[in-house]
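Structure record follows, encoded as structure tokens.
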Amino acid sequence: MQLNDWYTGGEFLTWQGHAIFVRDSGECGKPVILLLHGFPTASYDFHLLWPVLAQTHRLIAFDMLGYGYSDKPSVWEHSIFNQASIAESVLKAKGVRACSVLAHDVGDTVAQELMARQNEGTLSFQMSHITLLNGGLFPETHRPILMQKLMLSPLGWVFTRFTTQEKLAANLRKICSAGLSDADIRAAWQLLAHKQGNLRMHLLIRYMTERRDNRDRWVGALQCSPAAITLIDGVDDPISGGHMVDRFEELVPGHRVVRLAGLGHYPHLEDAGRVLDAFQSS
């Protein structure tokens with residue numbers, strides 16, 4: 001699916017005065033999957049999975065605040081807690097009371113916050129199954145690349161000024177063992193630069209600090225979740241690859257794990273077929 005088709009097939013909902021871009025496949029009789037994307041990209045990351053999963057499920061995805069086609073405030077409103085509340089607001093607007101979740105990267109952390117709320121009995125919908133792709137589930141195993149460290153530094157706002165499509169492409173290729181298509185890299189830049197989002201990356205990256213500050217809450221959410229969890233991981237990912245999977249199996253035993261050799265941080269873009277096979281057999 002081309003990026004323009006993705007955009008024209010979406011809509012905007014409002015959350016606390018901000019426009020949030022939402023995609024909904026719209027077939028109300030099917031079980032629902034909520035898709036949560038990663039940093040610094042957007043819900044378009046799921047475009048290769050969408051046509052196949054939409055055959056059997058109603059799919060709902062949104063660009064988080066600060067990402068993609070959604071609004072990109074110039075002050076920090078991009079907390080994981082806010083992103084989780086946006087997810088609740090989107091599903092409420094769509095009349096969804098139960099779903100499964102497919103998440104990636106920072107979307108994993110949003111899923112962990114939703115799991116914490118479900119454990120507390122405050123979540124406005126029920127999650128029956130959560131599938132997590134490569135992400136920083138445990139701060140102690142997260143290995144950020146140099147770009148991420150620079151963005152999080154006190155001079156992060158300066159480094160954002162030097163972010164270009166070429167630099168983004170180079171960083172994506174470093175973390176994707178099987179590579180990304182040129183079209184997906186162009187789309188990633190177009191979505192990042194929309195509404196000058198490339199100048200807000202130092203705000204978005206604060207989720208790394210939030211992960212450390214809320215480690216007990218979000219790791220505990222994994223350990224106490226009544227919902228089934230599947231971890232599908234491109235184990236060659238230098239950020240959250242095989243080393244993170246080892247930690248998951250240590251701290252959250254008893255859940256299904258699929259290790260995808262030869263794939264990196266964006267397995268669903270690197271080899272959508274293998275991710276679909278793993279997801280559909282869960």
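List of remarks:
- Qualifying position, being among the small types (Gly, Ala, Ser) and touching a helix residue (DSSP H, G or I) at 6+ places or on another chain (Cβ under 9 Å), among Ser124, Ser128: Ser124
- Complete set of residues in region 1-24 that are among the polar types (S, T, N, Q) and either in a loop (DSSP other than H, G, I, E, B) or closer than 26 Å to Ile80 by Cβ (or both): Gln2, Thr14, Gln16
- Looking across region 127-169, the residues that are of a type in the set (S, T, N, Q), without any contact (Cβ under 8 Å) to a residue 60 or more places away in the chain and surrounded by fewer than 18 Cβ atoms within 10 Å (Cβ to Cβ) come down to Ser153, Thr164, Gln165.
- First in region 10-38 and farther than 22 Å from Leu191 by Cβ, second anywhere and open to solvent by less than 50 Å² (accessible area, probe 1.4 Å) and assigned to a loop (DSSP other than H, G, I, E, B), Cβ under 7 Å, 6 or more apart: Lys30/His57; Pro31/His57; Val32/His57; Val32/Val96
- Boolean, Ala87 is open to solvent by less than 40 Å² (accessible area, probe 1.4 Å), without any contact (Cβ under 8 Å) to a residue 60 or more places away in the chain and outside any helix (DSSP H, G or I): no
- Criterion (modelled with pLDDT under 95 and among the small types (Gly, Ala, Ser)) met by exactly one of Ser128, Ser100: Ser128
- Gln55 meets each of the listed conditions (1) touching a strand residue (DSSP E or B) at 6+ places or on another chain (Cβ under 7 Å); (2) open to solvent by 10 Å² or more (accessible area, probe 1.4 Å); (3) part of a loop (DSSP other than H, G, I, E, B) apart from (1).
- Within region 103-133, considering residues that are of a type outside the set (Ser, Thr, Tyr) and in contact with a Phe, Trp or Tyr (Cβ under 7 Å, 6 or more places away or on another chain), the one farthest from Trp50 (Cα to Cα): Ala116
- Test set (1) over 26 Å from Ile33 (Cβ atoms); (2) free of Cβ contacts under 8 Å to residues at least 12 places away in the same chain - Gly121 fails condition number: (1)
- Options Gly68, Gly29; residue that is among the small types (Gly, Ala, Ser) and farther than 25 Å from Met151 by Cα: Gly29
- Selection status of Ser177, in contact with a Gly (Cβ under 9 Å, 6 or more places away or on another chain) and farther than 23 Å from Asn198 by Cβ: yes
- Top-ranked residue in region 203-258 [being of a type in the set (Ser, Thr, Tyr) and over 16 Å from the mean Cα position of the chain (by Cα); ranked as least open to solvent (accessible area, probe 1.4 Å)]: Ser225
- Leading residue by the ranking (least open to solvent (accessible area, probe 1.4 Å)) among those in region 25-48 that are of a type in the set (Phe, Trp, Tyr) and in a helix (DSSP H, G or I): Phe46
- Conditions (1) within 29 Å of Ala183 (Cα to Cα); (2) of a type outside the set (D, E, K, R); (3) touching a strand residue (DSSP E or B) at 6+ places or on another chain (Cβ under 8 Å); number of the one not met by Met1: (3)
- Meets criteria (touching an Asp or Glu at 6+ places or on another chain (Cβ under 8 Å), over 27 Å from Met151 (Cα atoms), modelled with pLDDT of 95 or more and open to solvent by 10 Å² or more (accessible area, probe 1.4 Å)) for Asp5: no
- Boolean, Leu102 is of a type in the set (A, V, I, L, M, F, W, C) and within 19 Å of Asp45 (Cβ to Cβ): yes
The values are calculated or read from the model by the stated rules, or taken from the named source; none is laboratory data. In this text, all values refer to a predicted model and were calculated from it rather than measured experimentally. Quick reminder, even Gly has a Cβ in these numbers, built from the backbone with ideal geometry, and neighbours come from all protein chains shown. Calculation scope for accessible area: heavy atoms of the full protein, side chains included, ligands and nucleic acids excluded. Shrake-Rupley method; radii C 1.70, N 1.55, O 1.52, S 1.80 Å.
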